[in-house]
Ligand SMILES: [Zn+2]
């Protein structure tokens, strides 16, 4: 049986089911975790290895128009990282914006089997799904962008929650989307007029709604629709000194929302590192991660991911729907001593009636104070937040750095000695003077890493079919050569750099760091729970104004089934 597998003698980590490094066999029958072995199953012995559920990345820019523009825009990024064809895999290129096939291969080699593309312009959904089709092995989901959408702002202005619910449900259907993404609410629309928003109560031109009202409205409707994931928020003022106050304000807005669909959380705050800054300018820039952590440690309605910065061999490619931020970064890029310079090439884009975007190459230099502080803040968040079900590992790929550096981050989180080595020998002393990282003794356990990279992310996403080994879960497994009794920084990084086996739906796809086979992954979509008549009323209303807003015909907006040949509907619990 191609999709049946028996995995013997490994140490199993399954935090959702309370299993912490127990010697246990895992049975997969026709692609799903089963109580008993399939007698026709292939059997592998993984003595001396640890077994995790397949990795689930909650936020990584891997597909869509801005990713593809990033590829075209940075030939120098590809020259340094050519990938040759093998008997079982295709050629391609890295580095910070890898080609589609290489993206799938590299995630699979790290033991990841599900990745979320967190910023899909609605009008460009077709392109996003075309790229998904060319990313092998991993399952994918895409978050449509709603935070600066004209229909959304109009319905919020009218306080018409029913129509807003109808609109969100319709967009999820026609774009094959998964969750509600909000990027710099209101600020990206104002950027079309050369401005931004400077507080949560500032106003969006022509719509007279505030970022606060956009967050409240979308948060409320997300729960009315009982979507599997919370609203997924990229905060206002990202990247600017002193922005932690806006982050705390945003968390407080969400205190008024009531979670549905089996979640505790109502808001996911993404790449928090970029929104945990103190100081009032770049010279007194400092960490406010302890303030953020203090709040999270006393509230359970927020989950977040790190947005960790890594120091890599070359500039990364920053890319976001936050157009005004990329304009700012284009001007301040000169802080790095080599690589980025002020006024480096940049792209800004506008998607009619919906959203914007920007791209700027950026080099994080360990010797530059601000970059060293940013590096420390991501780690502070992960170490200061007590509950690993509330903080997840990301680099906001490729913004803080390419995802291929995840093993290094795991090393820093699990080994204080490795962090100290960075602080003492490799990064600017500002990371010691402007953050608390040097004082943190916590070393995360394997179980906590398992939560931050698969169990917790799956739970926050409402993907109840993965991130654990309960009966009926999908047979996605990652197996690493690691003895939990003999750990040090080097061993940890090495083990997580290449899985011994990655299993997708019961099929071995990676063995000893080599791609064995490249099946097509599924596209995960979600549907709002909404009455049919309401849905129809909303569509009629949208249609009425369509020609005023769009350059394409209404009937061409929906993408066809052709784009998602392997589609799986996820509706949470
Ligand atoms: Zn992002």
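The values are calculated or read from the model by the stated rules, or taken from the named source; none is laboratory data. As the structure is a prediction and not an experimental result, all values here were calculated from the model. Virtual Cβ from ideal backbone geometry, glycine too; neighbours counted across all protein chains shown.
Considering only segment 45-73, how many residues are on the phi < 0 side of the Ramachandran plot, out of contact with any helix residue (DSSP H, G or I) (no Cβ under 7 Å at 6 or more places or on another chain) and part of a loop (DSSP other than H, G, I, E, B)?
Within segment 45-73, residues that are on the phi < 0 side of the Ramachandran plot, out of contact with any helix residue (DSSP H, G or I) (no Cβ under 7 Å at 6 or more places or on another chain) and part of a loop (DSSP other than H, G, I, E, B) number 3.
Conditions first: (1) free of Cβ contacts under 8 Å to residues at least 60 places away in the same chain; (2) outside any helix (DSSP H, G or I). Residue 386 passes all but one, so which condition is the exception?
(1)
Looking at (1) at pLDDT 95 or above; (2) in a loop (DSSP other than H, G, I, E, B), find the lone condition where residue 23 falls short.
Tallying (1) at pLDDT 95 or above; (2) in a loop (DSSP other than H, G, I, E, B), residue 23 fails exactly one: (2).
Confirm whether residue 196 is under 20 Å from residue 325 (Cα atoms), within 16 Å of the ligand (Cβ to nearest atom) and modelled with pLDDT of 95 or more. Walk me through it before giving the result.
Numbers: under 20 Å from residue 325 (Cα atoms): yes; within 16 Å of the ligand (Cβ to nearest atom): no; modelled with pLDDT of 95 or more: yes.
Spelling it out, it is not the case that residue 196 is under 20 Å from residue 325 (Cα atoms), within 16 Å of the ligand (Cβ to nearest atom) and modelled with pLDDT of 95 or more.
Could you tell me which residue of segment 389-406 is farthest from residue 276 (Cα to Cα), considering only residues that are part of a loop (DSSP other than H, G, I, E, B) and more than 10 Å from the ligand (Cβ to nearest atom)? So that I can check it myself, show each step before the final result.
Step one: list which residues in segment 389-406 are part of a loop (DSSP other than H, G, I, E, B), which gives 389-390, 393-402.
Add one more test, that the residue is more than 10 Å from the ligand (Cβ to nearest atom), and what stays is 389-390, 393, 401-402.
Working: 389: 19, 390: 16, 393: 16, 401: 18, 402: 21 Å.
Ranking the qualifying residues of segment 389-406, first place goes to 402.
Considering only residues that are within 19 Å of residue 406 (Cβ to Cβ), outside any helix (DSSP H, G or I) and within 16 Å of the ligand (Cβ to nearest atom), which ones fall in segment 99-126?
Of everything in segment 99-126, those that are within 19 Å of residue 406 (Cβ to Cβ), outside any helix (DSSP H, G or I) and within 16 Å of the ligand (Cβ to nearest atom) turn out to be 115, 116, 117, 118.
Which residue out of 192, 134, 125 is more than 22 Å from residue 527 (Cα to Cα), surrounded by fewer than 24 Cβ atoms within 10 Å (Cβ to Cβ) and touching a strand residue (DSSP E or B) at 6+ places or on another chain (Cβ under 9 Å)? Give the steps one after another, and end with the answer.
On the way: 134 fails: touching a strand residue (DSSP E or B) at 6+ places or on another chain (Cβ under 9 Å); 125 fails: more than 22 Å from residue 527 (Cα to Cα).
That would be 192, the only listed residue that is more than 22 Å from residue 527 (Cα to Cα), surrounded by fewer than 24 Cβ atoms within 10 Å (Cβ to Cβ) and touching a strand residue (DSSP E or B) at 6+ places or on another chain (Cβ under 9 Å).
Can you tell which of 14, 57 is within 16 Å of the ligand (Cβ to nearest atom), closer than 30 Å to residue 471 by Cβ and touching a residue at least 60 places away in the same chain (Cβ under 8 Å)?
Details: 14 fails: within 16 Å of the ligand (Cβ to nearest atom).
Exactly one of 14, 57 is within 16 Å of the ligand (Cβ to nearest atom), closer than 30 Å to residue 471 by Cβ and touching a residue at least 60 places away in the same chain (Cβ under 8 Å), namely 57.
Consider residue 104 against the criteria (1) under 25 Å from residue 497 (Cα atoms); (2) in contact with a strand residue (DSSP E or B) (Cβ under 7 Å, 6 or more places away or on another chain): it satisfies all of them except one. Which criterion is unmet?
(2)
Determine the pairs where a residue that is touching a residue at least 60 places away in the same chain (Cβ under 8 Å), located within segment 293-305, has a partner that is surrounded by fewer than 19 Cβ atoms within 10 Å (Cβ to Cβ) with Cβ atoms under 7 Å apart, the partner being 6 or more residues away or on another chain.
Between residues of segment 293-305 that are touching a residue at least 60 places away in the same chain (Cβ under 8 Å) and residues that are surrounded by fewer than 19 Cβ atoms within 10 Å (Cβ to Cβ), the close pairs are 297/386; 300/264.
Residues 255, 249, 213: which one is surrounded by fewer than 20 Cβ atoms within 10 Å (Cβ to Cβ), more than 16 Å from residue 390 (Cβ to Cβ) and more than 16 Å from the ligand (Cβ to nearest atom)? Reasoning before the result, please.
Details: 255 fails: more than 16 Å from residue 390 (Cβ to Cβ); 213 fails: surrounded by fewer than 20 Cβ atoms within 10 Å (Cβ to Cβ).
Exactly one residue qualifies, and that residue is 249.
Looking at 162, 173, which is the one that is surrounded by fewer than 18 Cβ atoms within 10 Å (Cβ to Cβ) and closer than 22 Å to residue 116 by Cα?
When all the criteria are applied, what remains is 173.
Need the failing condition index for residue 277 against (1) within 22 Å of residue 147 (Cβ to Cβ); (2) in contact with a strand residue (DSSP E or B) (Cβ under 6 Å, 6 or more places away or on another chain); (3) more than 16 Å from the ligand (Cβ to nearest atom); (4) touching a residue at least 60 places away in the same chain (Cβ under 8 Å), just the number.
Going through (1) within 22 Å of residue 147 (Cβ to Cβ); (2) in contact with a strand residue (DSSP E or B) (Cβ under 6 Å, 6 or more places away or on another chain); (3) more than 16 Å from the ligand (Cβ to nearest atom); (4) touching a residue at least 60 places away in the same chain (Cβ under 8 Å) one by one, residue 277 breaks only (2).
Give me the strands (runs of 3 or more DSSP E) completely within segment 474-515, filtered to those with at least 1 residues that are closer than 19 Å to residue 136 by Cα and without any contact (Cβ under 8 Å) to a residue 24 or more places away in the chain, ordered by residue number. Please lay out each step first, then the result.
Numbers: elements: 477-481, 501-504, 507-511.
By residue number, 507-511.
Check whether at least one residue in segment 137-149 is in contact with a helix residue (DSSP H, G or I) (Cβ under 9 Å, 6 or more places away or on another chain) and surrounded by fewer than 24 Cβ atoms within 10 Å (Cβ to Cβ), and report yes or no. Full working, then the answer.
Keep residues of segment 137-149 that are in contact with a helix residue (DSSP H, G or I) (Cβ under 9 Å, 6 or more places away or on another chain), which gives 137-138, 140-142, 144-149.
With the extra rule that they be surrounded by fewer than 24 Cβ atoms within 10 Å (Cβ to Cβ), the set shrinks to none.
No, every residue in segment 137-149 fails to be in contact with a helix residue (DSSP H, G or I) (Cβ under 9 Å, 6 or more places away or on another chain) and surrounded by fewer than 24 Cβ atoms within 10 Å (Cβ to Cβ).
One line per residue, one yes/no per condition, for (1) out of contact with any strand residue (DSSP E or B) (no Cβ under 7 Å at 6 or more places or on another chain); (2) under 28 Å from residue 484 (Cα atoms):
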| residue | (1), (2) |
| --- | --- |
| 398 | no, no |
| 402 | no, yes |
| 418 | yes, yes |
| 424 | yes, yes |
| 431 | yes, no |
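For the subset of segment 280-335 comprising residues that are closer than 19 Å to residue 183 by Cα and part of a loop (DSSP other than H, G, I, E, B), which member is farthest from the chain's Cα centre (by Cα)? Please lay out each step first, then the result.
We begin by selecting, within segment 280-335, every residue closer than 19 Å to residue 183 by Cα; these are 302-308, 317-330.
After this cut, where a residue has to be part of a loop (DSSP other than H, G, I, E, B) as well, the list is 306-308, 321-322.
Values: 306: 9, 307: 9, 308: 11, 321: 14, 322: 15 Å.
Per the criteria, the residue is 322.
Can we say residue 307 is within 20 Å of residue 392 (Cβ to Cβ) and within 16 Å of the ligand (Cβ to nearest atom)? Even if it seems obvious, please write down each step before you answer.
Details: within 20 Å of residue 392 (Cβ to Cβ): yes; within 16 Å of the ligand (Cβ to nearest atom): yes.
In short, yes.
Quick one: residue 326 ticks every box in (1) free of Cβ contacts under 8 Å to residues at least 40 places away in the same chain; (2) away from the ligand (no atom under 16 Å from the Cβ); (3) surrounded by 19 or more Cβ atoms within 10 Å (Cβ to Cβ) except a single one, so which number is it?
Looking at each condition in turn, residue 326 falls short on (2).
Looking at 268, 229, which one is assigned to a loop (DSSP other than H, G, I, E, B), modelled with pLDDT of 95 or more, buried (at least 18 other Cβ atoms within 10 Å of the Cβ) and within 16 Å of the ligand (Cβ to nearest atom)?
Numbers: 268 fails: assigned to a loop (DSSP other than H, G, I, E, B).
From the options 268, 229, the qualifying one is 229.
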